[in-house]
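Visitor: Dumping the structure here so I can ask a few things about it.
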Amino acid sequence: MTPRFFGYGSLVNAATHSYPDARPARLDGWRRVWRHTSLRPAVFLSVEEAEGSAIHGLTADVPGADWTALDIREGAYRRHKVRVTELPGETQIEAQVYAVPEGDEVAGLRHPILLSYLDAVVQGFVRVFGEDGAAGFFETTAGWDIPVRDDRDAPIYPRAQLLETREREIVDHHLRALRCEIVEGETPIGKATAPAP
């Protein structure tokens, strides 16, 4: 049987990869979180076990069980076996999910969210799960108390996507609702800042 991964962030956007047989899915007992490590100059999404929580995402095949390219893409993560529910048929399968090891998070480090990365993630959720699914992404992700770096005009994220007008409006609406601070320029990239008191 061809192994499958469960993606919950940028991997939900099929435009950022070419893995076949992508299907909507749900991972029960886990939640999505923003993780800060010294391995990258921006915060990125991870997951952690959380009883009673569930997140939506996408499963896809890893042809020939060749994980090399995906492991390189997800270089700051480690793979874990999980049981996921593929939708809409509620079929349970085994998959691999990438998560940042807890020991790799650096206390007090506060990198920004790259808007180009967030745009790609939300575009994936809109296209797979609709606008309600995009809202669900924001609701089921913890750690929004950090700045968002607006790099839309000069994307730093290597798999940045061009958003349609409505997709941009959705991202901007939720960032306003969460009262996220939007910053421009070089300012917090690569610099650790102390958490707000």
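Visitor: For the chain, what is the mean residue ellipticity at 222 nm derived from helices alone (per DSSP H run of n ≥ 4: -39500 (n - 2.57); sum divided by total residues; nearest 500 deg cm²/dmol)?
Guide: Computed mean residue ellipticity for the chain: -7500 deg cm²/dmol.
Visitor: Length gain on complete extension for the stretch D172 to I72, per 0.36 nm per residue less the alpha carbon to alpha carbon distance?
Guide: Going from the current span to full extension adds 32.9 nm.
Visitor: Using a 1.4 Å probe on the protein chains only, how many percent of the accessible area of the chain belongs to carbon and sulfur?
Guide: Accessible surface attributable to carbon and sulfur in the chain totals 49 percent.
Visitor: Which far-off residues, 5 or more places away or on another chain, put their amide H under 5 Å from the one on V47, with H placed in the peptide plane?
Guide: V33, V100
Visitor: Shifting gears a bit: Mind checking the per residue accessible area of the chain for me, 1.4 Å probe, whole number of Å²?
Guide: Here the per-residue accessible area is 50 Å².
Visitor: Continuing with the same structure: Specify whether the C-alpha gyration tensor of segment 29-102 places it in the rounded, prolate or oblate class, a ≥ b ≥ c being the square roots of the eigenvalues: rounded for a/c under 1.5, otherwise prolate if a/b is larger than b/c and oblate if not.
Guide: oblate
Visitor: Further, regarding this structure: With a Förster radius of 30 Å, plug the Cβ-Cβ distance of E90 and D153 into 1/(1 + (r/R0)^6) and report the FRET value to the nearest 0.05.
Guide: E(calc), rounded to 0.05, equals 0.10.
Visitor: Rounded to whole Hz and in sequence order, give me ³J(HN,Hα) for segment 59-66 from the Karplus expression 6.51 cos²θ - 1.76 cosθ + 1.60, θ = phi - 60°, writing x for Gly and Pro.
Guide: Karplus values, whole Hz, x for Gly and Pro: 9, 7, 6, 10, x, x, 6, 8.
Visitor: If I compute mean projected area of the Cα convex hull in nm² from the structure I just sent, which labelled value in (i) 11.7; (ii) 16.9; (iii) 11.1 lines up?
Guide: Derived directly from the coordinates: (iii).
Visitor: What list of ³J(HN,Hα) couplings, whole Hz, do you get for segment 74-88 from phi and the Karplus terms 6.51, -1.76, 1.60, once you set θ to phi - 60° and write x for glycine and proline?
Guide: Whole-Hz 3J(HN,Hα) from phi for segment 74-88: 9, x, 8, 10, 10, 7, 9, 6, 9, 9, 10, 10, 7, 10, x.
Visitor: Now, a different point. I'd like the distance separating the alpha-carbon centroids of segment 8-26 and segment 62-132, in whole Å.
Guide: The distance from the Cα centre of segment 8-26 to that of segment 62-132 comes to 9 Å.
Visitor: Next question, about the same structure. Assuming a ≥ b ≥ c are the square roots of the Cα gyration tensor eigenvalues, decide whether segment 66-164 counts as rounded (a/c under 1.5), prolate (otherwise, with a/b larger than b/c) or oblate.
Guide: The shape class here is oblate.
Visitor: Here's something else I'd like to know. Can you figure out the FRET efficiency of H80 with E164, using R₀ = 30 Å and their beta-carbon distance, to the nearest 0.05?
Guide: The pair H80/E164 has a calculated efficiency of 0.30.
Visitor: Once the Cα atoms of helix 115-139 and of the chain are each reduced to a long axis, what angle between those two axes, in degrees from 0 to 90 to the nearest 10, is obtained?
Guide: Between the helix axis and the principal axis of the chain, the angle is about 50 degrees.
Visitor: Show the residues, 5+ positions off or on another chain, whose built amide H is closer than 5 Å to the amide H of I182.
Guide: Amide H neighbours of I182, under 5 Å, 5+ apart: V148.
Visitor: Around R110, which amide H atoms from residues at least 5 apart in sequence, or from another chain, sit under 5 Å from its own amide H, with H modelled in the peptide plane?
Guide: So R110 has HN proximity to T193.
The values are calculated or read from the model by the stated rules, or taken from the named source; none is laboratory data. It should be emphasised that the depicted structure is a prediction, and the values quoted were computed from it without experimental measurement. Counting neighbours? That spans all protein chains shown, and the Cβs are built from the backbone with ideal geometry, glycine included. Ligands, DNA and RNA are excluded from the accessible area calculation, which covers all protein heavy atoms including side chains. Shrake-Rupley method; radii C 1.70, N 1.55, O 1.52, S 1.80 Å.
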